[in-house]
Amino acid sequence: MGALFTIVVLGSGGAGCNLGGSTSSPPAQPTPPPPSPYPQQQGYPQQQGYPQQQGYPQQQGYPQQQGYPQQPAPQAPPAGAQRPLLPPLVGVPAQQQEVRQILAELVAALTPDNRAKVANIPMTFDPTYEVNAFAGCDERRQPFMAATAGILEAVDAISQTRATDELFGTKTYDAYCAQVLPQLSRSETARAALPMGIIPPNLGPDMRRWSRAREIFQEVMAFTMGHELAHHYLGHTGCANGQPMSSAPDPALLGRLLTRIPTFNQVAEAAADSSGAIDVLTAGRARRPQYAWSENGGVFLFDYFARIESAGGGGGPLTLLSPVQFLRTHPNPLGRIPLVQTVARTWRAQNPG
Ligand SMILES: [Zn+2]
């Protein structure tokens with residue numbers, strides 16, 4: 001009953017072979033703590049500040065993109081180095097709980113009108129390994145939010161490698177992408193999990209690395225869910241109207257709800273990127289003195305999808321033959337980075353402090 005309408009944010013892959021196990025669990029090697037790869041690191045580098053801004057970009061669509069090789073903005077790890085270390089985020093149940101908490105914070109940071117539309121929206125986890133997250137309406141026209149097992153694996157891999165590279169100057173994100181993304185871009189059975197061996201064994205146990213990885217995991221998932229949540233409160237799904245929320249659909253039945261995937265709508269996607277980014281920044285600031293989420297979650301996510309496209313032989317116009325569903329249903333990921341960065345600069349100018 002009722003139209004099924006889902007908005008797909010991310011996507012690729014399918015269920016299948018394991019590439020060697022996620023490094024979601026701490027490495028077992030009895031390795032002593034790393035000798036001294038970065039002895040002087042007393043904390044995170046100071047944030048550099050942001051260039052001038054001139055108001056929010058028009059939400060008519062995205063700037064042209066120019067193929068892959070651009071690097072995203074310099075990573076701007078948090079100012080204020082004395083944050084307490086976060087415990088490692090290990091295992092799927094813990095990751096799911098983290099996402100639920102992130103969603104609650106995103107909802108709480110909305111304007112009252114928008115918050116009323118999505119308060120208590122149910123979150124469900126799709127057990128498939130497609131890399132995806134979505135805002136959907138079930139058969140009763142009740143809104144829900146969903147993330148797949150695949151996106152948890154992908155964001156775990158992004159955060160583990162990015163954290164390692166930030167702290168130790170390694171190139172593990174590049175190594176991970178080179179090893180995993182070619183299959184992910186071509187096969188529906190490949191998985192995004194971080195293979196063993198990408199993180200150097202002596203760095204694996206470092207607690208600063210685990211802590212920073214957890215911050216990045218939160219930041220990328222916050223952007224992802226913030227974008228999806230925006231599709232609901234901006235009215236793109238049409239089913240989030242502030243009605244009393246019911247329970248989330250059964251994950252086992254979720255596939256049935258996802259049979260209809262709309263072609264992407266540039267204006268709606270840009271609006272969701274902009275509103276989602278503002279929500280992430282607002283919710284992030286409320287986390288102080290913990291790490292305040294930035295737009296880097298979006299930058300990291302889009303970089304990842306651009307690399308999937310590039311690995312699949314893309315890098316130019318999207319191809320309808322791409323097995324990566326995200327690339328069929330969303331604007332070019334690299335084109336979305338400048339918009340999110342401009343929104344963030346504007347937000348900081350308007351919300352100093
Ligand atoms: Zn979207």
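The residue list 235, 242 contains one member that is surrounded by fewer than 19 Cβ atoms within 10 Å (Cβ to Cβ), without any contact (Cβ under 8 Å) to a residue 60 or more places away in the chain and not charged (D, E, K, R), which is 235. Of everything listed in (1) at pLDDT 95 or above; (2) in contact with a strand residue (DSSP E or B) (Cβ under 6 Å, 6 or more places away or on another chain), the single unmet condition for residue 102 is (2). Looking across region 122-144, just one residue is within 16 Å of the ligand (Cβ to nearest atom) and among the β-branched types (Val, Ile, Thr), and that is 131.
Look at region 267-291 and say how many of its residues are part of a helix (DSSP H, G or I) and charged (D, E, K, R). The qualifying residues number 4.
Residue 155 meets all of the listed conditions (1) part of a loop (DSSP other than H, G, I, E, B); (2) crowded, with 24+ Cβ neighbours inside 10 Å; (3) among the β-branched types (Val, Ile, Thr) but one, namely (1).
The values are calculated or read from the model by the stated rules, or taken from the named source; none is laboratory data. These figures come from a predicted structure and were not determined experimentally. Positions of Cβ are backbone-derived with ideal geometry, glycine not excepted, and every protein chain shown enters the neighbour counts.
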